[in-house]
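Data first, discussion second: the structure below is written as structure tokens.
Quick note: the coordinates plus some simple rules give every number you see, no bench work behind them. The structure presented is a predicted model; accordingly, all values stated were derived computationally and were not measured. All Cβ positions, even for glycine, are placed from backbone atoms using ideal geometry, and neighbour counts span all protein chains on display.
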Amino acid sequence: MGLELYLDLLSQPCRAVYIFAKKNGIPFELRIVDLIKGQHLSDAFAQVNPLKKVPALKDGDFTLTESVAILLYLTRKYKVPDYWYPQDLQARARVDEYLAWQHTTLRRSCLRALWHKVMFPVFLGEPVSPQTLAATLAELDVNLQLLEDKFLQNKAFLTGPHISLADLVAITELMHPVGAGCQVFESRPKLATWRQRVEAAVGEDLFREAHEVILKAKDFPPADPTIKQRLMPWVLAMIQ
Amino acid sequence: MGLELYLDLLSQPSRAVYIFAKKNGIPFELRTVDIIKGQHRSKEFFQINSLQKVPVLKDGDFILTESSAILIYLSCKYQTADHWYPSDLQARARVHEYLGWHADCIRGTFGVPMWVQVLGPLIGVQVPEEKVERNRTAIDQALQWLENKFLGDRLFLAGQQVTLADLMALEELMQPVAVGYELFKGRPRLAAWRERVEAFLGAELCQEAHSLILSILEQAAKKTLPTPPPEVYPTMLLRIARIP
């Protein structure tokens, strides 16, 4: 059995891993773990990842979780072009810096934006107070500003003149609030042109394919009561 | 000007960087940025890091934030012993796997007790008991995962030798320990791990790095802690408000 990637393209980190593997021609078996059906909570999937999260990688006997770890593993094992994660010490440190920063900041606000704006009210039928939504969107705004001011600045890509893992992780995050109907790029021309560059570097077809699911998130039919009951504890823990 | 490290030993990631540099004999100028005194909000420090956080590394013109990025940079530049950040593909992946989980489940969570017991009260804020309880539960759950998934029956969190993962974890765990949380009680495997890490680092270095936080409750009781200036109140209040 070759490389297996356990993914759901609803998930931001899964999209980054998917795009990266496809873009670099890394052969893998795609194992879909349907989050809104609760498949990640199954006993079967717990055998793969007891933390019940996607993405997960299985390479023979070696199982790996955490998207940054997976991206770096694939980078090194499959000897992808240098720009994704440069050998140069300082250039690489910039990528490490972004990948570390985004965890508790942009990642968190993009996730909350999707769930507070769309998934709770539409999919789970749980109302979200206007104050909660406003606070979430305000936090997203702050982090988008930091993305622009501290990371992108006047560069073509987040860490320099070329695309890197940082851009891939960032763009897949930002598509979460886009999928929720937030105007992420409309009032931010700098980020909008950066997005165009990233899409062009990744390939428009691949980018579109990877984002089909999230762009339909607003149209998910409401969860039936059994599914909802199953998912609620997981959702509440996830978006804390 | 050689390597400069902007740190506050009150801060968990600052301590991880400090210990790593000291343990590996990496020469650096220590630039203390006293958070309680609000020095991270100064105009001077803004030039160093516009995010107004520690730790920060300055290597000539090169400025780097984020403790894990700093640790990786130092380990590569100063070619520290391989075990810290192993060159083996799978071993290194395990370090990153831990660091990813740590960012979600440890960072943020383990800092809360210090805010509740020391930093909040410094500015007259009391965190509601239900949030304290919720945090205790989150800490408990994280420790379970730490012990069962990451440590398991291994000697260290990402394998059989000390890595950057152990350093990051230890310093986060020391934060609630410093304000009286008995994290290791009833967790013999985790207690043994802590002893192994501290033995590896050396008692002297641990004492040096931990002396500030281990005296914090006493300082708070004697009212010898600095008074935070008014300009840091908004960020402190924001941080407290974000406690789930």
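Values for this structure:
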| read-out | value |
| --- | --- |
| Whole-Hz couplings from phi, Karplus 6.51/-1.76/1.60, listed for the range A:12-24; x for Gly and Pro | 4, x, 5, 5, 4, 5, 4, 4, 4, 5, 5, 4, 8 |
| Across B:Lys131/B:Lys185; A:Lys155/B:Lys23; A:Lys52/A:Lys190; A:Lys37/A:Lys150, pairs whose alpha-carbon gap is larger than 30 Å | A:Lys155/B:Lys23; A:Lys52/A:Lys190; A:Lys37/A:Lys150 |
| DSSP bridge pairs, chain A: antiparallel proportion in percent, nearest 5 | 70 |
| Nearby aspartates and glutamates by direct alpha-carbon distance to A:Lys228 (threshold 15 angstrom, same-chain neighbours under 8 apart not counted) | A:Asp34, A:Glu126 |
| Per-peptide average of other Cβ atoms within 10 Å, ordering B:153-161, B:229-237 highest first | B:153-161, B:229-237 |
| Structure-based [θ]222 nm, the protein assembly as shown - -39500 (n - 2.57) summed over DSSP H runs of at least 4, per residue, nearest 500 | -15500 deg cm²/dmol |
| Contact order normalised by residue count of chain B, Cα under 8 Å, 6+ apart, percent | 25 |
| Number of partner chain Cβ atoms within 10 Å, mean per residue of A:101-113 | 2 |
| Residue-by-residue Karplus 3J(HN,Hα) for the range A:217-233, coefficients 6.51, -1.76, 1.60, Hz, glycine and proline x | 4, 4, 9, 4, x, x, 5, 6, x, 5, 4, 4, 4, 5, 7, 3, x |
| Residues B:Met168, B:Met174, A:Met238, sorted so that the one with the fewest Cβ neighbours within 10 Å comes first | A:Met238, B:Met174, B:Met168 |
